[in-house]
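Read through the structure below, which is laid out as structure tokens, and then see the notes.
The values are calculated or read from the model by the stated rules, or taken from the named source; none is laboratory data. These figures come from a predicted structure and were not determined experimentally. Ideal geometry is used to build each Cβ from the backbone, glycine not excepted, and the neighbour counts take in all protein chains shown. The accessibility values were calculated without ligands, DNA or RNA, using every heavy atom of the protein model including side chains. Shrake-Rupley method; radii C 1.70, N 1.55, O 1.52, S 1.80 Å.
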Amino acid sequence: MASSSWVSCGPCEYRHETQEADVWCSVCEEGLCRSCHGHHSVIKSTRDHELMLIKAHKILAKGMLSVNMECNLHNEKFELYCPSHEIHCCVHCVITQHKHCTGVTSLRKVIQNIKGSTSLSNIKSNLKDRLLNIDGLIKNGTDNFIGINTDKDNVKRELKKLRMSIENKLDILETKILTDVDSIQHQHKTCIADIVSKLQRKRDALNQALIDFENLQKNASDFHIYMAMKKLETDLLQEGKEINSLLLQEGMKLKRVYFSPNADLLSSVSDTTFLGNVAVRTSLFPLLKEVNTNAQISSKVSAKNIISVQLKRRLSGYQVYEGEDVNISSIIVLPDRNILIADFGDDGGILLFSESGNFITKMTQFGKPYGTALIDDYRIALSFPKNRNIKILKLGSRISLIKTFQLDVDLNAISYYGTHISVCSRPQSVLFVDLNGVIAKRLDLELPYACITFIHCHSNRML
């Protein structure tokens, strides 16, 4: 009976023969014995396939290898790469979902030399940085644990000093205070210990992921590394959200127990009923190094040199009357090639033109927009500074409102990348708003000018 580590030769097994594999083909996804390996390496259709020793295949983590090599929608192999969406895709996906994308190229070309790429280094660096962050959070939690014990001792010393002047009633009141201290100490130590335990488990998981990834880097094929990297990108993003969620819990807030003596105690010892209050002063720990959760694989798309620029057409058919206030603040080409213009003027609204430049309609029912950001082929976001909100509109033959995000901040231009809308917030802040209207993060900038007005996100850059 074959052992659990036995890997059979795929072609031999198909012929109902039993041979142990010597190498593994990452493209065919099966093992090859010495004889079949010889045929495989000379046949034109398979001679360029990437192979690895079966020993290397066995030591790779199953989690790194269990990635889907085919498109879930069309059951075709991933052969192409779209730099606009930074995603691998099959031929059918390109035809149906990426027909307007530029720079679509061969996936084999993109993953060539991936083991030495910056993207791989970034993923590995993110794993190490995440481990460093976890270590720091565990240390903070441990110090917090020790600090509460120290604070308890400080409270006891303060009580002993006070006892000299109120000896007659100190026994009863001291017991009450110590009971409060013990109760608070137990409550918060339990909370802190629970968080530290969760962080320890996450650290162990991340440490194992790093070990698995280093094995993958040494032994796996370029394609496996690429697919594993995409999987790790998603895992790290989710992991970052979970850690951020833990940071907001009570157990990860800096806690210090302090004692506030009764101000009237010394002057009215006989009438007082308490020595003071035991409370917890809570503050956040200093921020650790922020880990990039959007490490992307990039492909270089060659661009034609701009030799000359010529006017192709003018927008026509829209009548501007005398005295009408027009303030064009943003312009964007929609997936159906129509042109949408945001008019922020007093008489403004959304202006829609056809691809040929002819005026279609003006929409004023949504308000006076300032910024525009295309979310996908079916949705667009527009900012409305006068209403202090962002509206998500559904694209199609009839543009309609999906939802409104009431932010109640001074805002102007917007941009979209990944899963968040980046919002210019006056005077010098950028808000990152998710598609549920929740402000996930605020970035305050120190700029030498009065305020920021426009913003554009592309890849992992923000202009």
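Counting protein heavy atoms only, the chain has 52 percent of its accessible area on carbon and sulfur, 1.4 angstrom probe. Relative contact order, whole percent, for the chain stands at 9, derived from Cα pairs under 8 Å and 6 or more residues apart. Rounded to whole numbers, the Karplus 3J(HN,Hα) couplings from phi for region 348-359 are x, x, 9, 9, 10, 10, 7, 4, 7, x, 8, 5 Hz, using 6.51 cos²θ - 1.76 cosθ + 1.60 with θ = phi - 60°, and x at Gly and Pro. Close amide H contacts of VAL7 (hydrogens built in the peptide plane, cut-off under 5 Å, sequence separation of 5 or more or a different chain): ALA21. If the Kirkwood radius is taken over C-alpha pairs of region 390-463, then at 37 °C and 0.692 mPa s the Stokes-Einstein diffusion coefficient equals 249 µm²/s. Close amide-amide hydrogen proximity is noted between ASP347 and ASP325, each under 5 Å apart and 5 or more residues distant or on a separate chain (H modeled in the peptide plane; Pro and chain starts excluded).
The string of couplings for region 78-84 from the Karplus curve (6.51, -1.76, 1.60, θ = phi - 60°) is 6, 10, 10, 9, 9, x, 5 Hz, one whole number per residue in order, with x for Gly and Pro. The heavy atoms of PHE359 offer some 60 square angstrom of accessible surface to a 1.4 angstrom probe.
Each Lys and Arg adds +1 at its Cβ and each Asp and Glu adds -1 at its Cβ; summed about the Cα centre, the chain shows a dipole of about 560 debye.
Peptides 412-423, 335-346, ordered by how many other C-beta atoms sit within 10 Å of their residues on average, highest first, read 412-423, 335-346.
Would you mind classifying region 146-191 by shape? Square roots of the alpha carbon gyration tensor eigenvalues, ordered a ≥ b ≥ c; an a/c under 1.5 is rounded, otherwise it is prolate if a/b is larger than b/c and oblate if not. Cα axes put region 146-191 in the oblate bin.
Annotation: amide H-H contacts under 5 Å for LYS403 (H modelled 1.01 Å from N, sequence separation of 5 or more, or interchain): ILE392. Couplings 3J(HN,Hα) for region 437-448, derived from phi with the Karplus relation 6.51 cos²θ - 1.76 cosθ + 1.60 (θ = phi - 60°), are x, 8, 6, 7, 7, 10, 10, 8, 9, 9, 10, x Hz, where x marks Gly and Pro.
Oblate is the label for region 331-380, because a/c, from the alpha-carbon gyration tensor with a ≥ b ≥ c as root eigenvalues, is 1.5 or above and a/b does not exceed b/c. A Cα-only calculation for region 1-137 places Rg and Dmax at 18.9, 57 Å. Using the rule -39500 (n - 2.57) for each DSSP H run of four or more residues, divided by the residues of the chain, the 222 nm mean residue ellipticity is -11500 deg cm²/dmol. Note that the chain presents 58 Å² accessible area per residue, ligands and nucleic acids not counted, probe 1.4 Å.
Need one word for the chain: rounded, prolate or oblate. Basis is the Cα gyration tensor (sqrt eigenvalues a ≥ b ≥ c); a/c below 1.5 gives rounded, then a/b vs b/c decides. Oblate, because a/c is 1.5 or more while a/b does not exceed b/c. A 1.4 Å probe, protein heavy atoms only, puts the accessible area of LEU463 near 140 Å².
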